[in-house]
Structure formats: C-alpha cells, structure tokens
There are 2 protein chains.
Amino acid sequence: MPTLSSKGLQMPASPIRKLVPYAETAKKAGKYVFHLNIGQPDIASPQVAIDAVKNMDRTVIEYSHSAGFESYRNGLSDYYKKFNLPINPEDIMITTGGSEALTFAFMTCFNPGDEVIIPEPFYANYNGFATSAGIKIVPVTADIQTGFALPDVADFEKLITEKTKGIVICNPANPTGYLYTKEELEKLREIVQRHDLYLFADEVYREFCYDGATPFSVMSLQGIEENVVLIDSVSKRYSMCGARIGALISKNKKLMETALKFAQARLSPPTLAQIASEAALQTPDNYFTDVVDEYVERRNIMVDGLNAIDGVFCPKPKGAFYCIAEFPVDDAERFCQWLLEEFEFEGNTVMMAPASGFYATKGLGKKQARIAYVLEKSALKKAVRCLEEALKVYPGRDQ
Amino acid sequence: MPTLSSKGLQMPASPIRKLVPYAETAKKAGKYVFHLNIGQPDIASPQVAIDAVKNMDRTVIEYSHSAGFESYRNGLSDYYKKFNLPINPEDIMITTGGSEALTFAFMTCFNPGDEVIIPEPFYANYNGFATSAGIKIVPVTADIQTGFALPDVADFEKLITEKTKGIVICNPANPTGYLYTKEELEKLREIVQRHDLYLFADEVYREFCYDGATPFSVMSLQGIEENVVLIDSVSKRYSMCGARIGALISKNKKLMETALKFAQARLSPPTLAQIASEAALQTPDNYFTDVVDEYVERRNIMVDGLNAIDGVFCPKPKGAFYCIAEFPVDDAERFCQWLLEEFEFEGNTVMMAPASGFYATKGLGKKQARIAYVLEKSALKKAVRCLEEALKVYPGRDQ
C-alpha cells in the first residue's frame with residue numbers, strides 16, 4: 001500500500017468530536033445527553049429562505065458563476081451597507097461556506113512555511129486549513145481572567161518574525177464569545193500596518209451581539225484596506241449551517257483576482273443553497289431581535305448558572321453563542337469523558353468540548369471546557385443542574 | 001501591500017474561460033454565439049430530484065455528517081452494485097463536487113513535490129488541484145490518431161521516477177470522450193502494482209457510453225484495491241452541475257480515515273443538494289436511455305459533420321459529451337478568437353475551447369479545439385455549418 005501524505009497524517013482530529021464514541025455509549029445506556037459540544041443551533045432557518053427553494057422554477061440545477069450569483073453579490077453588498085461597511089459587489093466572492101473562504105484566503109496569501117498569529121483559544125478547524133496550506137499557526141494566549149480580551153500589542157510583537165505573514169481573528173469569537181472593541185481592533189491595525197501583514201477576520205457571528213454591544217468590523221479599519229480579508233457565512237446568521245454558503249471579501253483587487261482562480265478550479269458554489277441564501281437577505285429584522293433575545297436568555301441561564309456553582313468560573317461573553325468555563329477539576333477532558341461514561345442525574349448527562357483542543361500551546365486550557373448554549377432554555381437549566389450535581393461527586397475534583 | 005503566495009500566482013487560469021471576453025464582444029455586436037466551449041448540459045435534471053427539494057419538510061438547514069447523509073451513502077452503494085462494483089457505504093465519502101473529492105485525495109495521498117502522471121490532453125482543472133496540493137503533473141501524451149487511446153505502458157514507464165506517486169485518469173474522458181477498454185485498464189493495473197502507485201479515476205461520465213460500449217471501472221481491478229481511488233459526481237449524470245455533490249471512494253481504510261479529517265475541517269457537504277442527489281438515485285432508467293439516445297445523435301451530427309469538412313479530423317468518441325477536432329489552421333486559439341471577433345454566418349458564430357490548454361506539454365494541440373456537444377441538434381447543425389463556412393474564409397487556413 002502506498003504511503004499517505006505527511007499533511008494527511010498531521011491533520012488534526014476535531015476536538016468537538018473526540019468524545020463522540022463516549023456519547024454514543026451513554027445513549028446506548030439509556031442516558032439523555034445534552035449536546036453542548038457543537039454549534040448547531042436549533043433555531044429555525046428563515047421561512048423566506050426555505051420558501052425560495054421550495055418555490056424555485058428551475059428545471060436544470062446549473063453551475064453558477066464561480067464567484068456566485070451576481071444578484072446575490074449585489075444583495076450582499078446592500079446587506080453590508082446596513083452595517084456601514086463599504087463593501088461593493090466586486091469585493092465579494094461567494095464560497096462553499098466560511099471554511100472554503102478561509103482555505104482560499106490561506107492558499108492565495110501564504111506560502112508553505114509562512115506563519116500566522118492567532119489569539120488562542122481559537123476555532124479548532126483553523127488548524128485543518130493551516131495544515132492544508134502548509135502554514136504554521138503561532139498562538140498568542142488570551143486570558144480567561146480578562147474574558148479572553150485581545151492580548152497586549154507587546155505579546156503579538158514578541159512573536160513576529162520574518163516568516164509572519166498574517167493575523168487571524170474571529171469576532172465575535174468562537175470558542176470564547178468575546179467581542180473585540182473598536183480600540184482593540186485599532187491596536188491590531190497598528191500591528192498590521194507596521195509589519196505589512198494580512199489581517200483575516202472571521203465575522204460570521206456579526207448578528208449575535210448582546211447587552212447593546214455593536215460589532216466593529218475589520219472592514220471599517222482605515223489605511224489597511226489592501227491587507228484586510230473578511231470571512232463570512234450564512235451558517236450561523238440564518239441557522240443554515242448545512243447550506244455551505246460563505247463569502248471571501250477584500251478590497252485588494254489582486255488578491256480577489258487570484259482567489260478567483262482557486263474558485264474557478266472548483267467551478268461554482270452550490271446553486272440551491274445560493275437560492276436560499278439570496279432569499280435569506282429578505283429575512284425580517286424581528287427574526288434577529290427574537291433570536292438575540294433568545295440567546296441572551298440562554299446565555300444568562302448558562303453563564304449565571306455556571307458561576308453560581310462553587311468553584312466554577314465563566315466570563316460572560318457579549319457575542320456568539322459559546323462560553324468557556326473553568327472547572328474545579330483535575331482535567332477537563334477526563335471530567336467531560338466521566339460525565340458521559342460514569343455520571344447521570346435524573347437520567348441526563350452533559351456533553352461539552354474540552355477546551356485544550358482550542359489552544360495551540362500544550363498544557364493550556366486543561367481545566368476548561370467550551371459550551372455552546374444552543375439548546376432551549378429548559379434543557380440548559382437541566383444541563384446546569386447536571387453539572388452542579390456532577391461536580392459534587394466527580395472523583396477528580398480539586399481539593 | 002503584502003505579497004501573494006507563489007501558488008496563487010502560479011494558479012493556472014481556465015482554458016475554457018480565456019475567450020469569454022471575445023464572446024461578450026461578439027454578443028454585444030449582435031451575433032448569436034453557439035457555446036460549445038463548456039460542459040454545462042441543457043438536459044433537465046430528473047424531476048424526482050427537483051421535487052425532493054421542493055417538497056422537503058425541514059425547518060432547519062442543518063449540517064450533515066462530514067461524510068454525507070448515511071442514507072445517501074447506503075443508496076449510492078446500491079447504485080454501484082447495479083454496475084457490479086463492490087462499493088460499500090463505508091467506502092464512500094460525500095464531497096462538495098468531484099472537485100473537492102480530487103482535492104482531498106491529492107491532499108491525503110501526496111506530499112508537495114510528488115509527481116502524478118496524467119494522459120494528456122486532460123481536464124484542465126486538474127492543474128488547479130495539483131497547484132493547491134503543491135504536486136507536479138507529468139503528462140504522458142495520447143495521440144489524436146488513435147482517438148486518444150491509452151499511451152503505451154513503455155511511455156508511462158519512461159516517466160516514472162522516485163517522485164512518482166500516482167496516475168490520474170478520466171474515464172470516459174473529458175476532454176477527449178475516449179472510453180478506456182478493460183484491456184487498457186489492466187495495463188494500468190500492471191504499472192500501478194509494479195511501482196505501488198495510487199490510481200485515481202474520475203468516472204463522472206459513467207452513464208455516457210455509446211454504441212453499446214460499457215464502462216469498465218477501476219473499482220473492478222483485482223489486486224490493487226488499496227491503491228485505487230474513485231472520484232464521482234452527480235453533476236453530469238443528472239445534469240445537476242450546480243448541486244456540487246461528488247464522492248471520494250476507496251477500499252483503503254487508512255486513506256478514507258485520513259480524508260475524513262479534511263472533510264471534518266470543512267464540516268459537511270451541502271445539505272440541500274444532498275437531498276436532491278439522494279432522491280436522484282430514484283431516477284427512472286428511461287431518463288438515461290433518453291439522454292444517451294440524445295447524445296448519440298448530437299455526437300453524430302457534430303463529429304460526422306466535422307469530418308465532412310475538408311481538412312478537419314475528429315475521432316468519434318464512445319463516451320462523455322466532448323470531442324477534440326484538428327482543424328486545418330495555423331493556430332486553433334487564433335482561429336477560435338477570430339470566430340468570435342471577425343466571423344459570422346447568418347448572424348451566428350461558434351465558441352470552442354482551444355485544446356492547447358488541455359495539454360501540459362507546450363506546443364501540443366496547437367491545431368486542435370475541444371467541443372462540448374451539449375446543445376440541441378438544430379443548434380449543433382448550425383454550429384457545424386458555421387465552422388464549414390468559417391474555414392472557407394479564415395485567413396490563417398493551412399495551404
């Protein structure tokens with residue numbers, strides 16, 4: 001048998017899937033498992049998007065333009081203008097999810113061996129895209145005590161070498177829920193400008209900002225227009241994760257031309273999902289106010305509930321639908337596995353994603369787990385209750 | 001502005017798009033252009049596939065499993081069994097088009113710098129996937145005089161070095177329409193076995209075999225089960241190019257496990273298109289007999305028509321819906337451009353893809369063009385007539 005590639009062998013497994021076999025065993029044993037490990041919202045997709053697909057009058061499911069429907073790019077440009085973002089249709093390329101947008105961006109901008117700095121903990125699939133492109137992620141550590149705010153400029157500067165070609169952020173962030181302020185983004189601008197780096201921002205949780213906070217986009221940063229790449233997606237915004245429609249956005253024309261060559265090689269983004277996504281632009285505003293209201297309540301139940309448990313600390317995030325909590329345990333991965341294997345309370349248990357998989361620095365996040373509060377409120381209350389009871393009896397509890 | 005990657009800069013532009021600006025100018029000038037340059041069939045997608053999407057009862061467009069719906073993989077396995085191919089559900093990973101399947105296969109099996117041998121002329125997007133993976137395509141030249149039959153084993157052997165890790169074929173072939181025989185595939189098996197290479201076969205035109213010919217799949221080759229990777233897609237089979245649903249198939253378990261890590265990083269293939277593709281498995285047999293009958297007539301009009309023109313030679317292919325013709329001209333690219341810029345007959349002209357873009361060896365295919373006979377018969381007749389008249393007056397005609 002021929003050998004596999006070293007990329008293939010190095011390709012990291014996903015931290016949110018690591019415990020899936022234990023969850024399956026728990027279910028077979030008759031336990032009900034609250035899935036807080038994965039960001040698949042239970043919210044209905046906008047009716048206008050579903051209806052567009054159900055009412056389509058196409059007889060041939062044809063290729064679209066490699067950069068996506070022109071009408072959809074026009075509509076997206078209008079969508080961004082509502083956020084005062086100066087994004088024109090020609091700055092937009094429709095991609096197969098935010099995943100493909102980031103893959104194309106890495107392939108377009110980086111050579112094998114190049115380094116990108118990413119605040120950790122970060123979305124674990126960035127590891128996969130980096131491995132595919134042959135680049136190295138250099139983590140700059142954010143602190144749970146600050147709620148995972150942007151690390152100091154000096155911490156970034158220390159890591160910059162000749163190989164450093166870019167910085168990647170997620171804002172609002174998966175897995176921390178942290179929302180960067182305008183001031184933090186302006187600090188990033190300084191670094192990017194000083195070293196002529198790319199700044200990639202994954203802003204797929206734009207609509208999920210709480211407590212009156214508003215998102216500040218990298219596309220609003222002045223003076224680094226040629227350096228900035230925005231990654232977007234309909235997955236979370238419209239609860240359409242399965243559509244696989246995203247966007248790669250930049251004012252840098254040369255970059256967009258080059259990215260288009262990668263897009264042409266794969267022909268086109270999915271047509272049916274573009275029909276749904278273009279229609280989703282007509283989603284009424286109250287869809288988002290309802291969703292945000294719901295998530296604020298869910299967040300409060302989860303985060304306030306966790307903080308009320310003796311020994312647990314969970315910063316209260318202003319965005320996305322994740323939080324990272326620190327538990328009074330020997331090892332969060334062991335704790336998460338034990339919850340599935342050994343524990344139940346009133347027939348229920350909880351599945352969380354151990355946070356160590358979201359850190360690139362070995363040994364960090366050992367007592368932390370990521371929680372996606374994507375279930376309905378009654379389920380979240382039961383999940384918190386489970387965790388409270390579990391910590392009373394977990395054998396590896398900190399003394 | 002930061003530099004772009006060398007991969008990005010090397011990324012080849014598509015040969016089928018090169019003349020698009022000239023086609024646009026021709027249309028603005030009021031000419032009707034017969035598009036024979038691109039393989040977008042005009043055939044209707046199966047009604048059962050369209051209806052499945054229109055009648056779906058989902059309220060959330062969720063992620064699927066990263067390897068695709070389990071029910072779809074089960075159904076696909078049954079589909080292959082009708083062709084006597086021993087493919088089980090666990091041998092199948094659903095991908096975002098055949099493009100993603102081949103990208104994942106390259107990433108999984110090859111290291112940067114590795115070489116793959118591909119009979120030329122070949123599907124030009126293989127260049128893009130190879131550039132993304134950092135591998136080198138080594139062409140082995142097929143001859144138009146043999147109808148682009150498999151080159152001799154000795155021709156392959158001459159090209160094999162320590163860096164050679166695989167062979168890629170397309171069968172039935174885009175861009176030649178050539179259908180490899182069982183004997184040709186057994187020759188490939190010998191080479192693959194002798195040097196322990198991967199054999200990737202792009203068999204997306206399986207249903208498009210003419211004159212009673214039947215396709216012989218690499219999955220039927222005995223003794224190299226661990227080396228073989230089948231690339232498939234619904235794009236052409238069901239005229240659903242825009243669905244973006246394909247499959248990566250192999251009996252090599254280690255390979256499939258590794259490919260799944262790439263699939264997990266991009267989360268899932270498109271959900272709506274999987275609904276359509278799974279339903280398309282129920283397409284009645286007469287859909288294919290009707291489509292094949294139609295393409296045989298189209299092929300005959302095109303190929304017989306071309307061969308009836310003085311100085312034109314076009315082998316008659318047994319598969320897919322392409323042919324490559326040699327024209328009595330100085331330069332086929334110049335001829336194709338001239339057709340759009342300078343020529344019209346009864347208000348019409350023809351757009352073809354110059355074949356040089358399908359060869360990796362510089363200078364080959366200079367008098368050849370690829371034709372996709374994907375238009376209705378009356379249009380093809382007019383297109384042939386156009387070419388006949390054009391060759392009477394083209395200033396660069398061979399003496």
Which of the trypsin sites (Lys or Arg not before Pro) found in the stretch B:304-388 are loop residues per DSSP with 13 or fewer other Cβ atoms within 10 Å of their Cβ? B:362
About the Cα centre of the stretch A:198-340, what is the dipole size in debye to 20, counting +1 per Lys and Arg Cβ and -1 per Asp and Glu Cβ, all else neutral? 720 debye
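Indicate the gyration tensor shape class of the stretch B:208-271 (rounded, prolate or oblate), computed on the Cα atoms with a ≥ b ≥ c the square roots of the eigenvalues: a/c under 1.5 is rounded; otherwise a/b larger than b/c is prolate and the rest oblate.
The shape class here is oblate.
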Sequence-distant or interchain residues sharing an amide H contact under 5 Å with residue B:204, placed H: which? B:171
Across the stretch B:148-162, in residue order, what do the Karplus-derived ³J(HN,Hα) couplings come to in whole Hz, using 6.51 cos²θ - 1.76 cosθ + 1.60 with θ = phi - 60° and x for Gly and Pro? 6, 4, 4, x, 4, 3, 4, 5, 5, 4, 4, 8, 6, 10, 5
Which of the trypsin sites (Lys or Arg not before Pro) across the stretch A:47-109 are loop residues per DSSP, with 11 or fewer other Cβ within 10 Å? A:82
In nm, what does the list of distances from residue B:21 to its counterparts in the other copies look like, shortest first, when each label sits 7 Å along Cα to Cβ? 5.7
Give the long-range amide H neighbours of residue B:140: residues separated by 5 or more places, or on another chain, with amide H under 5 Å away, using H modelled in the peptide plane at 1.01 Å from N. B:118, B:120
Placing +1 on each Lys and Arg Cβ and -1 on each Asp and Glu Cβ in the protein assembly as shown, then taking the dipole about the Cα centre, the residue among A:281, A:219, A:168 whose Cα reaches farthest towards the positive end is A:168
Considering only DSSP states other than H, G, I, E and B, which GluC sites (Glu not before Pro) in the stretch A:70-108 qualify as loop sites with at most 12 other Cβ atoms within 10 Å? none
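Give the shape of the stretch B:47-280 as rounded, prolate or oblate, defined through the alpha-carbon gyration tensor: a ≥ b ≥ c are the square roots of its eigenvalues, a/c under 1.5 means rounded, and otherwise the shape is prolate if a/b is larger than b/c and oblate if not.
Since a/c reaches 1.5 and a/b is larger than b/c, the shape of the stretch B:47-280 is classed as prolate.
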Proximal lysine pairs, the stretch A:47-280, alpha carbons under 19 Å, eight or more residues apart or interchain: 15
Dipole in debye (nearest 20) - chain A, about Cα centre, beta carbon charges: Lys, Arg +1; Asp, Glu -1: 740 debye
Suppose every Lys and Arg Cβ carries +1 and every Asp and Glu Cβ carries -1, with no other charges. What dipole size does the stretch A:47-280 come out with about its Cα centre, to the nearest 20 debye? 480 debye
With the dipole of the stretch A:23-182 worked out from charges on the C-beta (+1 for Lys and Arg, -1 for Asp and Glu) around the Cα centre, which of A:61, A:47, A:84 lies farthest toward the positive end? A:47
Report, as an integer, the average count of C-beta atoms from other chains found within 10 Å of each Cβ along A:235-244. 6
Under 14 Å by backbone N from the virtual spin label 7 Å along Cα-to-Cβ at residue A:183, the residues of the stretch A:132-155 are A:149-153
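We did not get these values from a lab; they are worked out from the coordinates using the rules stated. Because the structure is predicted, anything quoted here is derived from the model rather than measured. All Cβ positions, glycine included, derive from the backbone under ideal geometry; neighbour counts span all protein chains shown.
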